[in-house]
Amino acid sequence: MVKVYLTGAGPGDKELLTLKAYKLIQKADVIIYDNLVNKEILEEAKEGVELIYVGKVKDNHTLPQEQINELIYDCTLKYECVVRLKGGDPFVFGRGGEEALYLKQRGVKFEIIPGITSAISVPAYAGIPVTHRSVCSSFRVVTGHKKVNESMHDINWNSFKDDETLVFLMGLHNIQLITSKLLEIGKDKTLSCAIISNGTTKKQKTIVGTLENIVEKSKEAITPAVFIVGEVVNLREELNWFEN
């Protein structure tokens with residue numbers, strides 16, 4: 001029976017791949033994968049599997065999303081086990097919902113295989129818990145960039161006034177706008193924040209600063225990166241286990 005598995009590959013560390021995802025990668029007839037997928041994971045695929053790269057980086061998309069949807073569907077006409085492999089989790093800013101709806105409308109069976117999202121795991125690898133009951137009891141995950149023709153200005157920034165941890169995914173290119181908006185709504189300029197590049201991998205690098213100086217410090221950061229804002233960043237001094 002033909003089925004598409006919309007699968008999360010996790011945040012980068014190969015060993016953070018779920019067991020279910022690992023088994024499907026070994027079984028897949030075709031794997032359609034993104035830019036953020038650790039290429040070592042693809043080495044687990046069976047001999048003869050077709051590997052199709054559809055990665056997106058800023059201002060350079062291999063295929064627009066509409067064509068990726070069509071490609072996934074076309075693969076179901078040739079293969080039984082189609083794995084759509086995405087970095088992190090397919091439903092956390094991974095467009096997995098769009099692809100699932102496209103398949104549903106065409107009568108194609110699909111299954112969602114959740115992955116470990118970088119929103120939680122990357123800060124954890126930097127020694128930053130997104131919550132701590134003595135510091136912060138909630139967190140918010142926010143996209144760091146919007147669809148074409150949409151702007152980060154469209155976000156309801158006033159709703160960010162609560163004292164909660166803010167995690168911005170794919171936010172490095174918009175970090176100046178993000179920090180200025182947070183300062184505009186009254187966030188303290190000394191509020192701690194961090195940029196974590198290449199999280200959970202051997203290349204991981206964390207830059208710590210405040211809302212006042214993180215834009216200048218961000219010039220040393222590279223993508224992919226997670227930007228986290230909140231007092232929990234201060235716990236890194238004690239909890240930085242991975243980079244040490």
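Taking segment 17-43 as the search range and keeping residues that are touching a Gly at 6+ places or on another chain (Cβ under 9 Å) and surrounded by fewer than 18 Cβ atoms within 10 Å (Cβ to Cβ), which one is farthest from LYS202 (Cα to Cα)?
Residues of segment 17-43 that are touching a Gly at 6+ places or on another chain (Cβ under 9 Å), as a first pass: 17-18, 21, 29, 33-38, 41.
Still in the list and also surrounded by fewer than 18 Cβ atoms within 10 Å (Cβ to Cβ): 18, 29, 35.
Details: THR18: 20, ASP29: 30, ASN35: 17 Å.
That would be ASP29.
Scan segment 1-41 for residues that are within 26 Å of GLN67 (Cβ to Cβ) and among the acidic types (Asp, Glu) and jot them down.
ASP29, ASP34
Going by what's in this entry, would PRO129 be described as part of a loop (DSSP other than H, G, I, E, B), under 21 Å from VAL208 (Cα atoms), modelled with pLDDT of 95 or more and touching a helix residue (DSSP H, G or I) at 6+ places or on another chain (Cβ under 8 Å)? Spell out the reasoning first.
Values: part of a loop (DSSP other than H, G, I, E, B): yes; under 21 Å from VAL208 (Cα atoms): yes; modelled with pLDDT of 95 or more: yes; touching a helix residue (DSSP H, G or I) at 6+ places or on another chain (Cβ under 8 Å): yes.
Criteria met by PRO129.
Residues of segment 213-244 being buried (at least 16 other Cβ atoms within 10 Å of the Cβ) and free of Cβ contacts under 8 Å to residues at least 24 places away in the same chain, which ones?
Across segment 213-244, the qualifying residue is only LYS217.
Quick check on ILE116: is it within 19 Å of ALA21 (Cα to Cα) and of a type in the set (A, V, I, L, M)?
Considered against the rule, which asks whether it is within 19 Å of ALA21 (Cα to Cα) and of a type in the set (A, V, I, L, M), ILE116 comes out as yes.
Can you tell me which residue is farthest from ARG236 (Cα to Cα) among those in segment 146-193 that are touching a residue at least 60 places away in the same chain (Cβ under 8 Å) and under 16 Å from the mean Cα position of the chain (by Cα)?
HIS173
Would you mind stating whether PRO123 is more than 20 Å from GLN204 (Cβ to Cβ), surrounded by 15 or more Cβ atoms within 10 Å (Cβ to Cβ), of a type outside the set (D, E, K, R) and in contact (Cβ under 8 Å) with a residue 60 or more places away in the chain?
Working: more than 20 Å from GLN204 (Cβ to Cβ): no; surrounded by 15 or more Cβ atoms within 10 Å (Cβ to Cβ): yes; of a type outside the set (D, E, K, R): yes; in contact (Cβ under 8 Å) with a residue 60 or more places away in the chain: yes.
No, not satisfied.
Looking at LYS203, LYS219, can you tell me which residue is of a type in the set (Lys, Arg) and within 19 Å of the chain's Cα centre (by Cα)? Explain how you work it out, then say what you get.
Working: LYS219 fails: within 19 Å of the chain's Cα centre (by Cα).
Of LYS203, LYS219, the one residue that is of a type in the set (Lys, Arg) and within 19 Å of the chain's Cα centre (by Cα) is LYS203.
Is it the case that some residue within segment 95-111 is of a type in the set (Gly, Ala, Ser), farther than 29 Å from ILE222 by Cα and under 20 Å from the mean Cα position of the chain (by Cα)? Show your work before the answer.
Taking segment 95-111 and keeping what is of a type in the set (Gly, Ala, Ser), we get 96-97, 100, 107.
Then keep just the ones that are farther than 29 Å from ILE222 by Cα; that gives 100, 107.
Right, trim to under 20 Å from the mean Cα position of the chain (by Cα) and you get 100.
Yes, segment 95-111 contains at least one residue that is of a type in the set (Gly, Ala, Ser), farther than 29 Å from ILE222 by Cα and under 20 Å from the mean Cα position of the chain (by Cα).
Mind counting the residues in segment 155-206 that are among the hydrophobic types (A, V, I, L, M, F, W, C), modelled with pLDDT of 95 or more, buried (at least 18 other Cβ atoms within 10 Å of the Cβ) and not in a helix (DSSP H, G or I)?
Total meeting the criteria: 9.
The values are calculated or read from the model by the stated rules, or taken from the named source; none is laboratory data. For clarity, every value in this text was computed on a predicted model and none was experimentally measured. Every residue, glycine among them, receives a Cβ derived from its backbone with ideal geometry; neighbour counts consider all protein chains shown.
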